[in-house]
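Quick notes on the structure that follows.
The values are calculated or read from the model by the stated rules, or taken from the named source; none is laboratory data. What you see is a predicted model, and the numbers here were worked out from it, not measured in a lab. Backbone-built Cβ (ideal geometry, glycine too); neighbour counts: all protein chains shown.
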Amino acid sequence: MGCDVDQSYTPAVIRKIVRAATDHGYETASKSLEELAELFVSPKQCQRIAIRIGNERIAEQDEQIKDYLKLTIPVQQHGQPSNAPRNDWNGRVAVIYADGGRAQIRDDLWGKEKPKDKKHRWWRESQCGVLQTVLSTPGVVDPHPDVPTELKDPLWIVPKIKEIHRQRTASNESDRPSSQDSPSYRVPEQTLVQNKEDTRWSGGEPLVKTVIATRKGYDQLGLAMATEAYRRGFNQATSKAFLGDGLKVNWTIWSRHFSHYIPITDLMHALSYVYAAAISIHGQIEDGWQQYLQWLEFVWNGRTKEVILQMKSFVPSEGVASEDLAAAITYLANNAERMKYDEYRTKGLPITTSRVESTQKQVNRRVKGTEKFWKDESLEPLLQLISDDLSETHDREAFWQRRQKRFHGYRTRKPRVKVESSES
């Protein structure tokens, strides 16, 4: 029947168990299997099997990374394997996105009293990357020189800014705007209600996507993304871009693995700082909103350095700027060279990280929640399975066929090592 030597389930049943456990909590997976497939599998067994298969997939990915690291740097950045997809890069862009997520981790202090001398949080960061081909054609002029209506509509943009602020607060960034409840995040009375056709000002038509999610840190994320980019033949693309928010580690990944890609800082994160600074300078929401609209025009057209100069002119003579203003100046100064949005649109490149953020929300649907706590050794395999599920390049059938060939009906044990006597 092709069963694992230490399993009482057939390969077909194991696939169903993994499918259910990837989509739902283990208890829900157990109930779904019983009601829909008439399979009686305990929640604990669902967990064990999912972790086992996830670890097998992690082992495969680790082997791919080892093979990638054996290559020379020129081959890593400009070559491709013989079995890479034969993409026609005419009218297509190779895009890589990086972002962070959150999950509650049970560490050694679980069940013990938290230390009083330092902060301790259960929420820890996970890492997510998306590699995607995008259907887009470069031009000679900016196809969207006018600011989109959405970015000038407070009912649309302010909720987005508040969401970005909540994510930044959760990540504990030091250069974030002030409290979410401050006047900076109130909605101005002015509203713009206009129906406008979606012209995809943030990027071209998305095509094939590969997802990578991990809890092993940004170094692991960078290696995994670089390996997958090589395997997918991204090096042969004539137009390549790497997108992330202003987090320093994103640009460490870029400089280490993707320096031959055009670096782009997410537009929406930049606007969250611009909006907060504009409101804090004027105090009055309506006056600050007009300032935001002026700076929005500059940022949209790649004139970020002019915005920085104007912001500095609002710093008091004693040199003490408000928290929002100081954070905005720092953020824009650090990312100005990656905010040439008019040039990027002319080249047919995306300017927001919305695709990786929406993917991160799909990952969060399974692993994030106030009632969900994880150990790293059980979360990492599940993140791998979720990534496989969200990726359009992962051949599930091929994996199960490879797995079946590895089993020969015998239990694998490490060879015994003879211990020589130390007596003379």
Residues satisfying the stated conditions in region 344-379, i.e. of a type outside the set (S, T, N, Q) and within 23 Å of I157 (Cα to Cα): Y344, R345, L349, P350, I351, R355, V356, E357, K361
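Being free of Cβ contacts under 8 Å to residues at least 40 places away in the same chain and either touching a strand residue (DSSP E or B) at 6+ places or on another chain (Cβ under 9 Å) or farther than 25 Å from L349 by Cβ (or both): is that true of S255 here?
Spelling it out, S255 is indeed free of Cβ contacts under 8 Å to residues at least 40 places away in the same chain and either touching a strand residue (DSSP E or B) at 6+ places or on another chain (Cβ under 9 Å) or farther than 25 Å from L349 by Cβ (or both).
Residue-by-condition table, conditions (1) more than 20 Å from L385 (Cα to Cα); (2) within 23 Å of the chain's Cα centre (by Cα); (3) in a loop (DSSP other than H, G, I, E, B):
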position: S8; (1), (2), (3): yes, no, yes
position: R15; (1), (2), (3): no, no, no
position: R19; (1), (2), (3): no, yes, no
position: E35; (1), (2), (3): yes, no, no
position: I49; (1), (2), (3): no, no, no
position: G54; (1), (2), (3): no, yes, no
position: E60; (1), (2), (3): no, yes, no
position: L71; (1), (2), (3): yes, no, yes
position: V75; (1), (2), (3): yes, no, no
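From the list E318, E337, E306, pick out the single residue that is farther than 29 Å from G91 by Cβ and modelled with pLDDT of 95 or more.
E306 is the lone residue from the list that is farther than 29 Å from G91 by Cβ and modelled with pLDDT of 95 or more.
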Conditions (1) within 15 Å of the chain's Cα centre (by Cα); (2) surrounded by 16 or more Cβ atoms within 10 Å (Cβ to Cβ); number of the one not met by D324: (1)
Checking A328 against (1) among the hydrophobic types (A, V, I, L, M, F, W, C); (2) in contact with a strand residue (DSSP E or B) (Cβ under 7 Å, 6 or more places away or on another chain); (3) assigned by TED's automatic domain parsing to the domain that holds D107, the condition it does not meet: (2)
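Table: residues versus (1) touching a His at 6+ places or on another chain (Cβ under 9 Å); (2) outside any loop (DSSP other than H, G, I, E, B); (3) in contact (Cβ under 8 Å) with a residue 40 or more places away in the chain.
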| residue | (1), (2), (3) |
| --- | --- |
| P85 | no, no, yes |
| W89 | no, no, yes |
| V93 | no, yes, yes |
| A98 | no, yes, yes |
| Q104 | no, yes, yes |
| L109 | yes, no, no |
| K112 | no, no, no |
| K116 | no, no, no |
| K119 | no, no, no |
Count of region 34-48 residues which are surrounded by fewer than 21 Cβ atoms within 10 Å (Cβ to Cβ) and in contact (Cβ under 8 Å) with a residue 12 or more places away in the chain: 7
Residues being on the phi > 0 side of the Ramachandran plot and touching an Asp or Glu at 6+ places or on another chain (Cβ under 8 Å) - total across region 298-328: 1
Residue within region 19-26 that is β-branched (V, I, T) and within 29 Å of N364 (Cα to Cα) present: yes
Candidate set: region 328-348, residues that are part of a helix (DSSP H, G or I) and among the basic types (K, R); chosen: the one surrounded by the fewest Cβ atoms within 10 Å (Cβ to Cβ): R338
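Within the group I96, I53, which residue is under 30 Å from L349 (Cβ atoms) and surrounded by 14 or more Cβ atoms within 10 Å (Cβ to Cβ)?
Of the residues listed, the single one that is under 30 Å from L349 (Cβ atoms) and surrounded by 14 or more Cβ atoms within 10 Å (Cβ to Cβ) is I96.
Okay, residues lined up against (1) under 28 Å from G54 (Cα atoms); (2) within 15 Å of the chain's Cα centre (by Cα); (3) at pLDDT 90 or above:
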| site | (1), (2), (3) |
| --- | --- |
| D153 | no, no, yes |
| Y185 | no, no, no |
| T191 | no, no, no |
| G204 | no, no, no |
| F234 | yes, no, yes |
| V249 | yes, yes, yes |
Selected residue (criterion: modelled with the lowest pLDDT) from residues of region 378-414 that are in a helix (DSSP H, G or I) and surrounded by fewer than 14 Cβ atoms within 10 Å (Cβ to Cβ): R406
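For (1) part of a loop (DSSP other than H, G, I, E, B); (2) within 28 Å of the chain's Cα centre (by Cα); (3) surrounded by fewer than 23 Cβ atoms within 10 Å (Cβ to Cβ), each residue gets a yes or a no:
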site: A277; (1), (2), (3): no, yes, no
site: V307; (1), (2), (3): no, no, no
site: P350; (1), (2), (3): yes, yes, no
site: Q360; (1), (2), (3): no, yes, no
Residues being within 12 Å of S202 (Cβ to Cβ) and among the hydrophobic types (A, V, I, L, M, F, W, C) - total across region 139-155: 1
Search result, residues across region 362-377 that are more than 20 Å from the chain's Cα centre (by Cα) and in a helix (DSSP H, G or I): E377
Residue in region 123-134 that is in contact (Cβ under 8 Å) with a residue 24 or more places away in the chain, within 25 Å of H269 (Cβ to Cβ) and in a loop (DSSP other than H, G, I, E, B) present: no
Options A229, A237; residue that is assigned by TED's automatic domain parsing to the domain that holds T330, among the hydrophobic types (A, V, I, L, M, F, W, C) and touching a Leu at 6+ places or on another chain (Cβ under 7 Å): A229
Evaluation of A103 against (1) among the hydrophobic types (A, V, I, L, M, F, W, C); (2) modelled with pLDDT under 95; (3) in contact with a Leu (Cβ under 9 Å, 6 or more places away or on another chain); (4) not assigned by TED's automatic domain parsing to the domain that holds A224 (one fails), failing number: (4)
